[in-house]
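Here is the structure we will look at.
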Amino acid sequence: MLAILDNVKPALLALFIAIGTVVHCDDAKAAQTETAIFAGGCFWCVESDFESVPGVIEAVSGFTGGTVKNPSYKQVVRGGSGHYEAVEITYDPAKVSYPQLVDLFFRSVDPTDAGGQFCDRGESYRTAIFATPAQKSAAEAGLASAQQALGKKIVTPVLAAQAFYPAEDYHQDYYKQDELILTRFGPRSKGKAYKLYRDSCGRDDRVRQLWGNDAPFVGG
């Protein structure tokens, strides 16, 4: 019996070491990612833009800045919740830095518009950066730099990061979904409907007008 136990103990120890190594690797992987939260009008558009950035792992559409816990999309767009449509961006800081993401954000929106973005009007479509204490100075520096580059007053605030609530599943990755929906243009996939919406809303035209060649997500 003792001989059996002597054989088992090294095997169990090896198993525990292996489990500990996996856990450690998972912790290390988690430590290598950071998050940024930006509100830039329609969250489908912000999600689409930032998921094209090298170093960005994932962008999740959702809500933040308000007082209602776990709000629905309808609650937010109806107004009164205090929430912004926002996107939580998970990224690898070894590949893209937080200041770089801030610069891309400002140049992907109209930061001079206090009433919404493009064709989307109202409190939920306002722009903002929701920064942690560690991110605040970089966000404010990016704002000052963008204002100098634009030559116009930027009204986008840097606000304290708050709880972020993901939007309903059907909003996630909307820009690349194949599911058919009925639009005013007839049946379209969500991805094509998104493109039609973005074009008709004038987002890229206005960003191009403001930022010219510095606009990172629009064509020439």
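The values are calculated or read from the model by the stated rules, or taken from the named source; none is laboratory data. Remember, it's a predicted structure, so these values are computed and weren't measured experimentally. Cβ: placed from backbone, ideal geometry, glycine included. Neighbour counts: every protein chain shown. Heavy atoms of the whole protein, side chains included, go into the accessibility calculation; ligands, DNA and RNA do not. Shrake-Rupley method; radii C 1.70, N 1.55, O 1.52, S 1.80 Å.
So for the chain, if I pair up every lysine 8 or more residues apart or on another chain, how many of those pairs have alpha-carbons under 15 Å apart? Mind dumping the intermediate values first?
Numbers: Lys29/Lys95; Lys176/Lys190; Lys176/Lys192; Lys176/Lys195.
Total qualifying Lys-Lys pairs in the chain comes to 4.
Counted by Cβ distance under 13 Å from Ala114, the other residues give a net charge of +1, where Lys and Arg count +1 and Asp and Glu count -1. Think of a 1.4 Å ball rolled over the protein heavy atoms: segment 51-156 then has 44 Å² of accessible area per residue. Annotation: amide H-H contacts under 5 Å for Gln177 (H modelled 1.01 Å from N, sequence separation of 5 or more, or interchain): Gly191. A value for P(r) over Cα pairs in 10 Å bins from 0, in percent was derived from the coordinates, and within the list (i) 9, 38, 40, 13, 1; (ii) 8, 29, 32, 14, 7, 5, 3, 1, 0; (iii) 8, 34, 40, 15, 2, 0 it appears as (ii).
Can you tell me, using C-alpha contacts under 8 Å and at least 6 residues apart, the relative contact order of segment 54-144 as a whole percent?
28
Sort segment 67-158 into rounded, prolate or oblate with this rule: let a ≥ b ≥ c be the square roots of the eigenvalues of the Cα gyration tensor; rounded if a/c is under 1.5, and if a/c is not under 1.5, prolate when a/b is larger than b/c, oblate otherwise.
Working: a/c = 2.18, a/b = 1.35, b/c = 1.61.
Oblate shape, in that a/c is at least 1.5 and b/c is the bigger or equal ratio.
Its relative contact order, with pairs defined as Cα atoms under 8 Å and 6+ residues apart, puts the chain at 22 percent.
Under 5 Å from the amide H of Phe63 lie the amide H atoms of Ala86, Tyr165, Ala167, each residue being 5 or more positions distant or on a separate chain, with H modelled from the backbone and absent for Pro and chain starts.
For Lys176, what charge total do you get from the other residues with a beta carbon under 11 Å from its beta carbon, if Lys and Arg give +1 and Asp and Glu give -1? Present the calculation step by step, with values, prior to reporting the outcome.
On the way: positive: Lys190, Lys192, Lys195; negative: Glu47, Glu51, Asp173, Asp178, Glu179.
For residues surrounding Lys176, the net value is -2.
For the chain, the Cβ-based charge dipole about the Cα centre amounts to some 620 debye (Lys, Arg positive; Asp, Glu negative; other atoms uncharged). Computed per residue of the chain from DSSP H runs no shorter than four, each worth -39500 (n - 2.57), the mean residue ellipticity at 222 nm is -13500 deg cm²/dmol.
Coupling constants for segment 43-48 follow from the phi torsions by the Karplus curve (6.51 cos²θ - 1.76 cosθ + 1.60, θ = phi - 60°), and in residue order they are 6, 4, 5, 5, 4, 4 Hz; glycine and proline get x.
Among the GluC sites (Glu not before Pro) within segment 130-186, those in coil by DSSP and having at most 13 neighbouring Cβ atoms inside 10 Å are Glu168, Glu179. What number comes out for the charge environment of Ala138, summing +1 per Lys or Arg and -1 per Asp or Glu over other residues with Cβ under 14 Å away? Net charge around Ala138: -2. Centre-to-centre, using Cα atoms only, segment 188-207 and segment 115-130 are separated by 17 Å. Sorting 122-130, 196-204 by average packing, meaning the other beta carbons within 10 Å per residue, from highest down gives 122-130, 196-204. Using a 1.4 Å probe over the heavy atoms of the protein chains, calculate the carbon and sulfur portion of the accessible area of the chain as a whole percent. Exposed carbon and sulfur together represent 57 percent of the surface.
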